[in-house]
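Quick notes on the structure that follows.
The values are calculated or read from the model by the stated rules, or taken from the named source; none is laboratory data. These figures come from a predicted structure and were not determined experimentally. Here the Cβ positions follow ideal geometry from the backbone for every residue, glycine too, while neighbour counts run over all protein chains shown. The area values use the complete protein model at the heavy-atom level, side chains included, leaving out ligands, DNA and RNA. Shrake-Rupley method; radii C 1.70, N 1.55, O 1.52, S 1.80 Å.
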Amino acid sequence: MSTYDGTLIIFSGPSGSGKDTVLNELLQKHDDVKLSISATTRKPRENEVDGVHYYFISKEDFEKKIDDNEMLEYAVYGDNYYGTPKAPVDKWLTEGKTVILKIEVQGAEKIRKMYPEALSIFIMPPSLAVLEKRIRGRQSEKEEDIIKRLSIAKNELERACEYDFAVINDDLDDAVEDVASIIKAEKLRYKNMKNIISEVKKDV
Ligand code: 5GP
């Protein structure tokens, strides 16, 4: 693990928790926050654009990236690979940026081991019924995939306790504000303020 000045944030939550919507809103208001774009072997949904929502690549290309050590972490979710390309995250962290990884629980576990100072946020629905309604409302998955996602969601909820913070996404604005507050508080930690404090102390 390299040393870095930036802030790394793990952002997880079950499928249908609304984490994409929360993050989109957050990024619109905070252009200093960078979102890592993952690679996946899943097929794009109707509204998804390659290089914006994901890098949609083949299983062969994904496995080559693993072999070439280009992935910071990766996991199998459902029947597909999902992974975080290493280079942009390294670059942003070295530049002192705040970087968000929108990843599932297995990836979160790996990142925590590599970056013990990473902050982790778990976003969750107000209930499983709401979660199911959101997944079905998307109309992008087959019944078999929906059932798989709901079962993964239950396991993921069991692991919410591994995260530093939990945010309930019932009202979108409230959830965005909660996440923004957590990030703000993290930036005010002594370890993240010590360069500024040293500067101020110079004049004493
Ligand atoms: P979806 O198919 O709904 O876009 O994503 C399925 C799950 O994979 C979500 O929980 C999402 O956060 C997670 N995911 C997306 N990108 C990555 C990644 O790069 N690494 C890992 N470990 N999980 C990811």
### Task
Identify the single condition in (1) within 21 Å of Gln106 (Cβ to Cβ); (2) open to solvent by 30 Å² or more (accessible area, probe 1.4 Å); (3) not in a strand (DSSP E or B) that Tyr55 does not satisfy, given that it satisfies every other one.
(3)
#### Entry: In segment 133-147, the residues that are more than 20 Å from the chain's Cα centre (by Cα) and open to solvent by less than 70 Å² (accessible area, probe 1.4 Å)
Gly137, Ser140, Glu141, Asp145, Ile146
### Query
Can you find even one residue in segment 191-201 that is hydroxyl-bearing (Ser, Thr, Tyr), open to solvent by less than 90 Å² (accessible area, probe 1.4 Å) and within 12 Å of the ligand (Cβ to nearest atom)?
no
### Query
Applying the selection to segment 78-132, what residues are over 20 Å from Ile37 (Cβ atoms), touching a helix residue (DSSP H, G or I) at 6+ places or on another chain (Cβ under 6 Å) and assigned to a loop (DSSP other than H, G, I, E, B)?
Pro125
### Top-ranked residue in segment 66-93 [being open to solvent by 70 Å² or more (accessible area, probe 1.4 Å) and either in contact with a strand residue (DSSP E or B) (Cβ under 7 Å, 6 or more places away or on another chain) or at pLDDT below 95 (or both); ranked as nearest to Ser15 (Cα to Cα)]
Asp79
#### Entry: Considering residues of segment 133-170 that are in contact (Cβ under 8 Å) with a residue 40 or more places away in the chain, touching a helix residue (DSSP H, G or I) at 6+ places or on another chain (Cβ under 9 Å) and assigned to a loop (DSSP other than H, G, I, E, B) only, the residue nearest to Glu48 (Cα to Cα)
Asn169
### Selected residue [farther than 20 Å from Lys187 by Cβ and aliphatic (A, V, I, L, M)] from Ala87, Ala118
Ala87
